[in-house]
Amino acid sequence: MTPGALQGVRVLELGPYVALPLTGRILSALGAEVIKVETNSFMDVMNYIPHYEAGVGRPEYEILKRRVSLNVNHPEAKAVMEKLVRASDVFITNFRQGVLKRWGIDFPALKEINPDLNIVWQTGAGEGKPYNGFKFYGMPSQHVGVSSMTGFEDEVLSATNTSYSDYHCGLYNVLVVISSLLAQRRTKKPTFAETSIFKSAACTLGPAVLDYQANHHIPVRRGNRDRFFAPHNAYQCSGEDSYCTIAVRNDEEWQSLCAAIGQPALADDPRFATTAARFDNADPLDELISAWTSQRTRQEAMDTLQKVGVPAGIVAKGEDFARDAHLKERNLFREAIYFRPDQTKPGKEWQPGSRKSIALSVPIGLSETPCRYDERMSRLGEDNDYVYGQILGITPQEIKRLADAGVLS
C-alpha cells in the first residue's frame, strides 16, 4: 500500500459514536497507524447501525484501523493502557474527564506516562460555564441554529435528520491533530487541544451571526429561496418527486437562463431585469421557470442550464447518489467487507455480512501520498496479537493470560 502523508504517526483512539471514529478513519486514510481501543463488555452502539442490517455502516468509520479489545475497568488494564500510551504520538478521546480518571488515564496521568503525547479531547459543549458537563451530540447540536434556518416558513422545526454536527467536529479534530504534530515539530513540545461538537455546529452559522451583529436581522426559514438572489429555488420536474435546483447570482447568468429556456425577452422584462427586481417578483418568476422545468427531467434541466453556465443541480436521492457517474469516476464509492455484530460472541468471532457494503473513500487527492483504502475492516479485538505483541512487545503467553483473565475482553 502506498505510504501515506502521516506515515510513522501512531494515534490511540478511545471513544464511541460518530465524530471521533470519523477522525481516526480520516487519519488512517492519510497514513497514520490508528489503534482503536474497544471492549466487548460495553460495545459502541454504533456497531449496530443501520437498523435494517446491523454492521453495514461501520466500514465508513473503521477501515484501516487496528482494533484491539481492552476492558479498561479491569484492574490489570491500566498497565496495558499505559504501554499503549507510551507507544503513541497522539491520543484522541471523547470520554469525560471523570470517566478517564476512574480508569487512571485522565490528562495529567497521560502526560506523566508520555510527556511527548499530543492529546485531542473532543467534548460535547467544551469546558467552562455554563455548559460544562452538558451532553451534546450531533443531533441536538444542529439546533444551535441550523434548524432555525432550514425548511419552510410555516414549519415549527426542520432538522437534517442526521448527526449533522458530528461530521463538522470530526474534520476539526483531524485539523487539530495535524496542527499539533506540525507545532511539535517546530517547538519540540506536545499540544493539548479541546474540540466541541456544540461549537463546531455554531461555526456553521457564520453569515447568520454576522448579519445579526451588523444588521440585527434574525434568520428566517426561506425554504429553498435566498435572501438576495432570484431565481433561487428547487423546481418541480417531470416525474414523481423530481426536482432541479437553480441558483442565479447575477444578470449574466439570468440572461443565459432566459436564452436556455427559450424566452430571451424575459431578460428585459422590467419585473426581472435586475437582481432586486427578480427578488421582489420571485413568485411569478418561479412560476415561469417551473413551467419550463416541469416539461423536462431533472437531469435534462440541469444539463441544459449547466451548458450555458447557469448553476443548477438535481435534488438527488440516495439511489441517485450511489449511481452518480462523476463520483464513481472519482472512486468515491468503494466496496467494503463488514461484520455482523453479535453480543453473544467476542468481536473477533463476528461473521462477515452476506454481501459487500459500499463505503465512501476519503475525498482528498494527494499526488505523491494518496489516501489509502482497504475493502476490509478489522473486527473488534482482531489486531490484539499485532498491537500487544509486535508493537508493545508483550509475549504470547502473557497475551493469553491477560485474555483468559478478562483484561483483553
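The values are calculated or read from the model by the stated rules, or taken from the named source; none is laboratory data. Keep in mind that this is a model prediction, so the values were computed, not measured. Cβ coordinates were reconstructed from backbone atoms using ideal geometry, including for glycine residues, and neighbour counts include every protein chain displayed. These accessible areas exclude ligands, DNA and RNA; they are computed on the full protein's heavy atoms, side chains included. Shrake-Rupley method; radii C 1.70, N 1.55, O 1.52, S 1.80 Å.
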Task: residue 312 open to solvent by less than 70 Å² (accessible area, probe 1.4 Å) and either under 12 Å from residue 230 (Cα atoms) or touching a Leu at 6+ places or on another chain (Cβ under 9 Å) (or both) - done: yes
Task: Pick from segment 315-360, criterion among the aliphatic types (A, V, I, L, M), over 25 Å from residue 47 (Cβ atoms) and touching a strand residue (DSSP E or B) at 6+ places or on another chain (Cβ under 9 Å), ranking: surrounded by the most Cβ atoms within 10 Å (Cβ to Cβ) - done: 315
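So, of the residues in segment 148-177 that are assigned to a helix (DSSP H, G or I) and surrounded by fewer than 18 Cβ atoms within 10 Å (Cβ to Cβ), which turns out to be modelled with the lowest pLDDT?
Pass one, segment 148-177, residues assigned to a helix (DSSP H, G or I): 148, 164-177.
Adding the requirement that they be surrounded by fewer than 18 Cβ atoms within 10 Å (Cβ to Cβ) leaves 148, 167, 171, 175.
Values: 148: 78, 167: 91, 171: 96, 175: 98.
Ranking the candidates gives 148 first.
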Open item on the list: Which condition from (1) in contact with a strand residue (DSSP E or B) (Cβ under 6 Å, 6 or more places away or on another chain); (2) in a helix (DSSP H, G or I); (3) open to solvent by 80 Å² or more (accessible area, probe 1.4 Å) is the one that residue 212 breaks?
Closed with: (1)
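Would you check if residue 316 is modelled with pLDDT under 95 and not in a helix (DSSP H, G or I)? Can you show your working first?
Working: modelled with pLDDT under 95: yes; not in a helix (DSSP H, G or I): yes.
Yes; evaluated as a whole, the condition is true for this residue.
Take residue 298 and decide whether it is over 20 Å from the mean Cα position of the chain (by Cα) and at pLDDT below 95. Show your work before the answer.
Values: over 20 Å from the mean Cα position of the chain (by Cα): yes; at pLDDT below 95: no.
For residue 298, the condition - over 20 Å from the mean Cα position of the chain (by Cα) and at pLDDT below 95 - is not met.
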Task: Filter pass, residue 370 being of a type outside the set (Asp, Glu), within 23 Å of residue 26 (Cα to Cα) and loosely packed, with under 13 Cβ neighbours inside 10 Å - done: no
Task: Residue check, residue 226 in contact with a Ser or Thr (Cβ under 8 Å, 6 or more places away or on another chain) and free of Cβ contacts under 8 Å to residues at least 60 places away in the same chain - done: no
TODO: Please go through segment 230-256 and pick out each residue that is surrounded by 18 or more Cβ atoms within 10 Å (Cβ to Cβ), assigned to a loop (DSSP other than H, G, I, E, B) and under 30 Å from the mean Cα position of the chain (by Cα).
DONE: 242, 248
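Could you please let me know if residue 363 is open to solvent by 60 Å² or more (accessible area, probe 1.4 Å), closer than 23 Å to residue 28 by Cβ and part of a loop (DSSP other than H, G, I, E, B)?
Values: open to solvent by 60 Å² or more (accessible area, probe 1.4 Å): yes; closer than 23 Å to residue 28 by Cβ: yes; part of a loop (DSSP other than H, G, I, E, B): yes.
Yes, satisfied.
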Task: Scan of segment 262-279 for residues that are open to solvent by less than 20 Å² (accessible area, probe 1.4 Å) and assigned to a loop (DSSP other than H, G, I, E, B), ordered by number - done: 272
Task: Residue in segment 59-74 that is of a type in the set (Val, Ile, Thr), within 17 Å of residue 117 (Cα to Cα), open to solvent by less than 10 Å² (accessible area, probe 1.4 Å) and touching a Lys or Arg at 6+ places or on another chain (Cβ under 8 Å) present - done: no
